[in-house]
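Note sheet for the following structure.
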Amino acid sequence: AVPFLIRLFPSLLTKFVYLNFLAFPFFVDFRRPELLVSNTINLYLTTEPGVTVGIWHTVPSSKGAEAQGKDQHWYEEALADAHPVIIYLHGNGGTR
């Protein structure tokens, strides 16, 4: 029955392969990363009209004491310094 259902509804295959409808870990507010990871802030990028991608910006532990209590503007300025930026793409939609 499964091959028949996939033939009729091909979108089911992508749902079960990528599991985009699951957000793991469960019951976590991804808009508040400081509860999970220290020295981190939540930001959003608009990649194209109608598409917004949520990101976390984490500063190195060497700047951890300086990052305490800072706002979004401070984190954005930290991106402009000479330190390298590492982008981690986890691959599953709906989670970070």
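The values are calculated or read from the model by the stated rules, or taken from the named source; none is laboratory data. Being a predicted model, the structure only gives us computed values, none of them experimental. All Cβ positions, glycine included, derive from the backbone under ideal geometry; neighbour counts span all protein chains shown.
So, Leu43, is that one modelled with pLDDT of 85 or more, surrounded by 10 or more Cβ atoms within 10 Å (Cβ to Cβ) and out of contact with any Ser or Thr (no Cβ under 9 Å at 6 or more places or on another chain) or not? It would help to see each step written out before you state the result.
Working: modelled with pLDDT of 85 or more: yes; surrounded by 10 or more Cβ atoms within 10 Å (Cβ to Cβ): yes; out of contact with any Ser or Thr (no Cβ under 9 Å at 6 or more places or on another chain): yes.
When the stated conditions are applied, Leu43 passes them.
Of all residues in the range 8-22, those satisfying the criterion of being surrounded by fewer than 10 Cβ atoms within 10 Å (Cβ to Cβ) and within 17 Å of His90 (Cα to Cα) are Val17, Phe21.
Quick grid of which residues meet (1) surrounded by 12 or more Cβ atoms within 10 Å (Cβ to Cβ); (2) more than 30 Å from Tyr18 (Cβ to Cβ); (3) at pLDDT 85 or above:
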| position | (1), (2), (3) |
| --- | --- |
| Gln72 | no, yes, yes |
| Ala80 | no, yes, no |
| His83 | yes, yes, no |
| Gly91 | no, no, no |
| Gly94 | yes, no, no |
